[in-house]
Each structure stands twice: as C-alpha cells, then as structure tokens.
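Notes for the one structure printed next.
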Amino acid sequence: MVSDTTNLDSLLPDRYPQGDLFICDIADAVLKDLVAQMEHPFYSLSKKPETTVRRYEHNGNWIEIVPSVKGLATIYDKDILIYCISQLIAKKNKGEAISKRVRITARELLMFTNRGTSGKDYEAMCEALDRLDGTRIRTNIKRGDEEQFSAFGLIDSASVARKFGLDGRLLWCEITLSDWVFNAVNQNECLTLHRDYFRLRKPLERRIYEIARKHCGRQPSWSISIELLHKKTGSKSLLKQFRYLLKDLARTNHLPDYTVSLEDGDMILFTNRATIKAVEALSSRDIPQLDDDVYHDARLAAPGWDVYHLKSEWLSFWDDSGRPPLRDPNAAFLAFCRRRYEKQGRP
C-alpha cells in the first residue's frame, strides 16, 4: 500500500480492495526493449480523439504511431492490455498453457481496473477496444548493416457478446493479442505496477508513474530535469503548466511507490518508498553470480555504458521476470548488454 505520508484524498476511492500488486505493462516493457529511453509515449494522454501520426527518432531508429479515424489508443485504453497480460502471466506462473486469444468477463475487467459497472462504463470499454484495434505501430530496427521494417498493432481483433442483442447487457469480450505483445509475454518482458496505479486521477500522473517505475525501478532514487521529463511524458501542456502540476504532485505526495520532490537546478527527484523490494535486499546466494572478467567483456559489448548500471538493470529485469534459473549468468548478462547497445547505441 501507499505509505502513511501519502495524501490518500488525492487518489480515487478503492472500489474493490484486492491484492497488493499485479503484473502489468507489457507495452512499456516492450518499448523499453525496442526503443529504450524514447522521449515520448505512444498512448494519448487526452480524452479528446487524437488522429495525427506521431513519429519519434533515436540513434537512427524510429517509431511511428498511427491512429485510426476514432483516435489514438489512450493511457486509459491500455488498462485492457494490462488486464489481459495479468491473466496470461497468472496462467504462466501456474504452469498452464497460454494463447494469443484471451476471453475476459467485462465486469471483472471493470472491477480490476477500479472502474464503475454502469452502462456507460461498458460502452466506454467497447470504445477503448475500437481504439486499441485501430492503433498501428510502424518501426525500423537496425542490426549492423541491415535495417528491418515492421508494422503491427496492439491487438489483432476483438469480439463482444451481449445479452439479447445489441441493446442488452455486455457479457464477455474475446481479444486476440498481436504477436508483438504475445511474444513479449513469452519472453517475460514484464514489470510490476502498484495496484494504486488505477486510482491515479489524471492521465499525466499515470505517465509520470510509469516513467519513474521504468527508470528509477528498484533504485533508492532517480532524478531527471523537469524539461526532459516533460518531453518523455508527451504532454501537450506548456512547460510552465507542467511545472505547476509537478509542484502539486510533490505537495500531495500521492504517487505510488515513489515520493516526488523538486530539487535545485530545475530537477525532480523520485525516491523509492521501499514498497518495491530491491534486488540488493536478496541474499547473495539468490542473486546470479558474475565472474570478475565479465565486466571487461560487457564494456566491449556496450561501449560507453556504465556496466555496473547495466548490471543493476539486468538484475531488476531478471527479478521482474520471476527469477528464472540461468544456465550461464555471464552469457545472459552479456546478451542483455549487447541488446541494449544494439537498440540504443551509446547513452
């Protein structure tokens, strides 16, 4: 739960109390792997339809997010993906087979995402499915002297069943996830979010939490300039307005997992509330052991990178993946370093 210093009045009421944590955000994890440290998200933070194409570039790689005529998928629409991925991860953890096709009960989805269950909430869910189905991702991936172009969606299809025809009560939905999302599930590219993520009132607060969870993670703290954070959120507000929101966020101190404070020099500091267990807190026998000479190889695999920072990120990734047994930890770490350099180049 959020610490006692958090202003709980700033969060939405918890309509359906449940477990402390849930597995989530395959989209953020995949983007982290393919286009790490992109300055902007690809989910809309606006409740008004956004129909313009977004394009971002980083170290020769680019990504385009193409909306349908109904608009770009929003950060609230992503709740449906969070729910689907949570169900698949739960099945995997039980040793059950999983598939791209996920059938969900509409009421359970709404309860999981801390929403109401009135008629308008069901209709909003159907509209979200339309936007998810219509949003397409186009990107290039460079490997050496080769360049690969890919185009894919967030979901491949969706169907909805109603009681007694179109005007009746919505019963269940069946969603077919795209290969992009499903493959990421199989590769355990997941992060764990605090359940109070769904209680954050503003889209920008959700995005700020995601950035903190991605970059601060299990570290004690992480800082970033306000201007750079503004770019990473993809907010269309003026920088002056963005600063005001950050001041208000620091005052109410209601962000899950992290406290927020403004520092000198126009910086913002995220401090871990210790609600996320640090990898370093595990006993040394539980952490994959690396040979001393592997750090030399890591520097060659990822020139310009701090190999000890990469080790910290790799351990966090391993822990979030469920701590799978590693036949060769050194090879796994070096492969992680190579992928990071291939995707991002120098930091």
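The values are calculated or read from the model by the stated rules, or taken from the named source; none is laboratory data. Since we're looking at a predicted model, the values are computed, not measured. Glycine also receives a Cβ, built like all others from the backbone with ideal geometry; neighbour counts cover every protein chain displayed. Remember, those area values only see protein heavy atoms, side chains included, never the ligands or the DNA or RNA. Shrake-Rupley method; radii C 1.70, N 1.55, O 1.52, S 1.80 Å.
Some notes on this structure:
- Looking across the range 215-250, the residues that are more than 26 Å from His309 (Cβ to Cβ) and in contact (Cβ under 8 Å) with a residue 60 or more places away in the chain come down to Ser235, Lys236.
- Residues of the range 314-328 that are open to solvent by 30 Å² or more (accessible area, probe 1.4 Å) and not basic (Lys, Arg): Phe317, Gly322, Pro324, Pro325, Leu326, Asp328.
- Of all residues making up the range 231-244, the number that are at pLDDT below 90 and not small (Gly, Ala, Ser): 4
- Test: Val279 is modelled with pLDDT under 80 and surrounded by 19 or more Cβ atoms within 10 Å (Cβ to Cβ): yes
- Pairs, first closer than 14 Å to Cys173 by Cβ in the range 88-109, second outside any helix (DSSP H, G or I) and polar (S, T, N, Q), C-beta under 7 Å, six or more apart: Arg101/Thr176; Arg107/Thr117
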